[in-house]
Amino acid sequence: MSLYGLIAAFAEPDALVHAASAMRDKGYRRMDAFSPFEIRELEAILAIRPTRLPWAVLAGGIAGLVLTYALILYSVEIDYPLNVGGRPLHSWPPFVVIAFEAGILGAALAGFVGVLWANGLPRYHHPAFNAETFSYARGGKFYLLVETADPRFRKGVTRGQLTRLGAETVEEVEA
Amino acid sequence: MARTAAVGRAPPVLRGRHDFPEISGRIAGVVLNGRLPRYFWAAFFLCFVLVLVLFYSITYLVAIGVGKLGIDMPVVWGTMISNFVWWIGIGHAGTLISAVLLLLRQPWRASINRFAEAMTLFAVAMAGLFPILHLGRPWFFYWLLPLPNTHMHWPQWRSPLVWDFAAIATYAIVSLLFWFMGLLPDLAMLRDRAKTRGAQLFYGILAMGWRGSARHWARYRVVYYLMAALATPLVVSVHSIVSLDFTFAITPGYHSTIFPPYFVAGALLSGFAMVLTIAIPLRWAFSVEDLITLRHMDNAAKLMIASGLIVAYGYASEAFFAWYSGEAWERTMMVQRAVGPYSTLFWIMLACNVGVLQLLWLRRVRLNMPALFAIAVIVNIGMWIERYVIVVSGPSRDFLPSAWGDQSLTWLDFGILFGSIGTFFALIFLFVRILPAITIFEVEELAEETGRVA
């Protein structure tokens with residue numbers, strides 16, 4: 001069993017934010033934080049890049065809209081043109097209604113699948129779950145994980161730094 | 001100065017002081033301890049009896065045919081259509097609370113959005129039954145889809161029925177995705193709190209390994225807001241399309257441009273009435289009056305009166321345009337609505353949706369739970385009657401007086417209506433038993449933001 005990293009538990013969201021920014025100042029980069037609800041400050045501290053998922057949602061929406069409209073157009077113009085009293089085959093106003101709904105559906109599906117895909121979920125096993133102190137919810141704790149892959153990682157030193165930053169517990173996490 | 005006084009008078013969104021384990025423990029405890037009061041199961045049993053009534057009625061309807069309903073020439077649209085419009089409308093308040101109030105950053109949505117979304121899902125599930133049952137040959141409903149088949153036919157894209165199918169299906173799927181996405185963090189919380197192996201596996205599999213990573217939260221928030229932004233135009237489009245089912249016919253009383261906005265407002269009115277119908281017993285039964293506070297009840301009641309006024313405007317403008325159009329048929333239809341065969345229902349509808357509703361102007365009534373609950377139930381009834389009156393009064397007083405006629409209601413109409421109501425509440429009971437009815441992570445976030453953490 002190799003070591004994956006050190007996980008430190010904090011009682012308060014503010015303590016986690018403070019510790020994360022202090023560790024970043026010390027040069028640590030391979031870090032992750034876990035919290036029962038989103039803490040907005042962590043985004044800048046952990047240098048999380050803005051997600052490109054909105055583009056996926058846009059693409060999904062356009063795909064749903066265009067494909068559905070194309071299907072309708074194909075059916076009324078090419079596959080089964082039906083002349084009813086000389087009315088235009090391409091009567092777009094009703095088609096827009098269906099294409100709009102399909103566009104929303106495509107965008108929502110792209111967003112849902114995209115966020116799971118980008119987050120690597122479903123993933124039922126992750127080293128963080130190996131930590132005995134790590135319980136996502138039970139104690140309402142806030143966790144900072146420093147990975148061994150970080151070039152600055154030294155087990156003893158890092159543990160000391162985390163403890164000095166007010167961690168309630170610091171635990172070694174097996175990979 | 002006056003403004004702060006007014007703000008000070010409004011009850012707070014969360015009452016008392018909390019800490020995180022306490023919030024998650026209390027909400028999750030309802031699900032995980034499984035010790036629900038006896039009256040919960042008694043009420044569930046009553047609903048379950050109605051589920052059986054629904055199954056029986058549907059079987060009967062499919063076996064014998066739609067002639068067993070009260071519908072009769074020339075009024076061939078009946079309770080199946082009014083049930084459909086009523087249920088789909090009820091769903092809309094859930095989306096409004098979860099999506100629109102999220103985009104408007106209204107903090108009070110946090111403790112009620114979960115069950116409001118569940119309400120949406122179950123209401124849409126109920127609504128989806130009725131157009132299919134109304135088809136007469138419900139086993140051919142898939143003909144509405146553009147599927148390759150030996151008939152080589154396509155759906156009629158220009159028909160509102162096909163738009164309806166697209167709108168309802170999209171609404172159901174998007175509501176489900178949005179709901180499940182909101183559930184993910186709470187499912188992970190239940191997984192970590194579960195004591196039994198079965199519960200750990202159940203919630204663990206559903207939670208998909210969510211671990212609350214900061215990187216995950218960042219993407220999650222962006223997409224969650226985008227889904228809300230998608231749901232907002234969707235919800236408006238769904239009920240507008242439902243109203244187009246009516247307005248595309250030239251039948252007097254159906255053919256009106258006021259219908260889309262008027263239907264959407266009616267949807268919100270009945271939806272908020274249903275939110276209150278569920279929330280008032282829920283907060284009492286599970287003693288979560290400090291999480292679902294009087295502020296929520298007060299705000300929902302205010303939204304009811306706001307949408308109710310738009311509905312009243314809709315009634316007025318419907319009557320005005322019937323007169324202003326100068327068309328004899330439109331005018332006759334409107335007069336017949338008030339004095340004809342369905343006039344009793346029409347006046348009951350006005351009394352419920354316009355009359356009784358005005359009591360909500362009084363703050364004392366809004367903060368009195370039994371009174372508010374009674375008004376919510378009355379508005380629910382009034383809104384069902386409204387849909388029924390719209391559906392039947394047009395065709396019953398068509399262009400030719402020689403073709404006038406009415407329809408009756410049979411036991412089958414009531415069997416399916418009350419069966420669907422029972423099924424809806426049975427699903428709500430199961431939901432409260434299996435999933436957290438209050439969004440844990442958003443309430444914790446709210447407690448943190450409003451400084452109510454002990």
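Rundown of residues vs (1) modelled with pLDDT of 75 or more; (2) assigned to a loop (DSSP other than H, G, I, E, B); (3) closer than 17 Å to B:Ala437 by Cβ, yes/no style:
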site	(1), (2), (3)
B:Pro21	no, no, no
B:Gly29	no, no, yes
B:Ala43	yes, no, yes
B:Cys47	yes, no, yes
B:Val51	yes, no, no
B:Tyr56	yes, no, no
B:Ala63	yes, no, no
B:Gly67	yes, no, no
B:Gly70	yes, yes, no
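Residues that are within 11 Å of another protein chain (Cβ to nearest Cβ) and either over 26 Å from B:Met181 (Cα atoms) or in a helix (DSSP H, G or I) (or both) are absent from segment A:28-39 altogether.
The residue of segment A:53-67 that is surrounded by the most Cβ atoms within 10 Å (Cβ to Cβ), among those that are more than 11 Å from A:Ala102 (Cβ to Cβ) and small (Gly, Ala, Ser), is A:Ala56.
Of all residues in segment A:85-100, none satisfies being touching a strand residue (DSSP E or B) at 6+ places or on another chain (Cβ under 7 Å), within 11 Å of chain B (Cβ to nearest Cβ) and hydrophobic (A, V, I, L, M, F, W, C). Listed conditions (1) in a helix (DSSP H, G or I); (2) at the interface with chain A (Cβ under 8 Å from one of its Cβ atoms); (3) closer than 29 Å to B:Gly25 by Cβ are all met by B:Val222, apart from (3).
Only one of the numbered conditions (1) in contact with a helix residue (DSSP H, G or I) (Cβ under 8 Å, 6 or more places away or on another chain); (2) under 23 Å from A:Pro36 (Cβ atoms) is violated by B:Phe424, and that is (2).
Checking each residue in segment A:158-174 for being out of contact with any Pro (no Cβ under 8 Å at 6 or more places or on another chain) and closer than 15 Å to A:Arg30 by Cβ picks out A:Thr158, A:Gln161, A:Leu162. Would you be able to say whether some residue in segment B:208-218 is more than 7 Å from every other protein chain (Cβ to nearest Cβ) and buried (at least 20 other Cβ atoms within 10 Å of the Cβ)? No, there is no match, as no residue in segment B:208-218 is more than 7 Å from every other protein chain (Cβ to nearest Cβ) and buried (at least 20 other Cβ atoms within 10 Å of the Cβ).
Per this entry, A:Asp25 is counted among residues that are more than 10 Å from every other protein chain (Cβ to nearest Cβ) and either exposed (fewer than 15 other Cβ atoms within 10 Å of the Cβ) or among the hydroxyl-bearing types (Ser, Thr, Tyr) (or both). Looking at segment B:143-196, which of the residues that are buried (at least 17 other Cβ atoms within 10 Å of the Cβ) and β-branched (Val, Ile, Thr) is nearest to B:Val238 (Cα to Cα)? Looking at the filtered set, the residue picked out is B:Ile168. Scanning segment B:280-331 for residues that are outside any loop (DSSP other than H, G, I, E, B), more than 15 Å from B:Ser270 (Cα to Cα), aliphatic (A, V, I, L, M) and in contact with a Lys or Arg (Cβ under 6 Å, 6 or more places away or on another chain) yields a total of 1. I'd like to know if segment B:298-305 contains one or more residues that are closer than 30 Å to B:Glu22 by Cα, surrounded by fewer than 19 Cβ atoms within 10 Å (Cβ to Cβ) and at pLDDT below 90. Within segment B:298-305, one or more residues are closer than 30 Å to B:Glu22 by Cα, surrounded by fewer than 19 Cβ atoms within 10 Å (Cβ to Cβ) and at pLDDT below 90.
Given A:Ala63, A:Ala70, A:Ala9, which one is in contact with a helix residue (DSSP H, G or I) (Cβ under 7 Å, 6 or more places away or on another chain) and not in a loop (DSSP other than H, G, I, E, B)? Before you say what the answer is, go through the steps one by one.
Working: A:Ala70 fails: in contact with a helix residue (DSSP H, G or I) (Cβ under 7 Å, 6 or more places away or on another chain); A:Ala9 fails: in contact with a helix residue (DSSP H, G or I) (Cβ under 7 Å, 6 or more places away or on another chain).
From the options A:Ala63, A:Ala70, A:Ala9, the qualifying one is A:Ala63.
A:Ala102 meets each of the listed conditions (1) more than 25 Å from B:Tyr225 (Cα to Cα); (2) outside any loop (DSSP other than H, G, I, E, B) apart from (1).
To keep it simple, each residue is scored yes or no on (1) at the interface with chain B (Cβ under 10 Å from one of its Cβ atoms); (2) modelled with pLDDT under 90; (3) on the phi < 0 side of the Ramachandran plot; (4) touching a helix residue (DSSP H, G or I) at 6+ places or on another chain (Cβ under 7 Å).
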position	(1), (2), (3), (4)
A:Ala128	yes, yes, yes, no
A:Glu132	no, yes, yes, no
A:Leu145	yes, yes, yes, yes
A:Thr158	no, yes, yes, no
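For B:Pro233, the conditions (1) more than 12 Å from chain A (Cβ to nearest Cβ); (2) out of contact with any Leu (no Cβ under 9 Å at 6 or more places or on another chain); (3) free of Cβ contacts under 8 Å to residues at least 24 places away in the same chain all hold with the exception of (1). Which residues, counting only those in segment B:236-276, are aromatic (Phe, Trp, Tyr) and either surrounded by fewer than 19 Cβ atoms within 10 Å (Cβ to Cβ) or within 14 Å of chain A (Cβ to nearest Cβ) (or both)? Result: B:Phe248, single match. Where helices (runs of 4 or more DSSP H) sit wholly within segment B:345-454, those with at least 3 residues that are surrounded by fewer than 19 Cβ atoms within 10 Å (Cβ to Cβ) occupy B:363-366, B:369-396, B:411-434.
Of the numbered criteria (1) touching a residue at least 60 places away in the same chain (Cβ under 8 Å); (2) at the interface with chain B (Cβ under 10 Å from one of its Cβ atoms), the one A:Leu6 fails is (2). Across segment B:103-139, the number of residues qualifying as part of a helix (DSSP H, G or I), more than 18 Å from the chain's Cα centre (by Cα) and at pLDDT 85 or above comes to 5.
The values are calculated or read from the model by the stated rules, or taken from the named source; none is laboratory data. This is a predicted model, so every value here is computed, not measured. Note: ideal-geometry Cβ built from the backbone for every residue, glycine included; neighbour counts use all protein chains shown.
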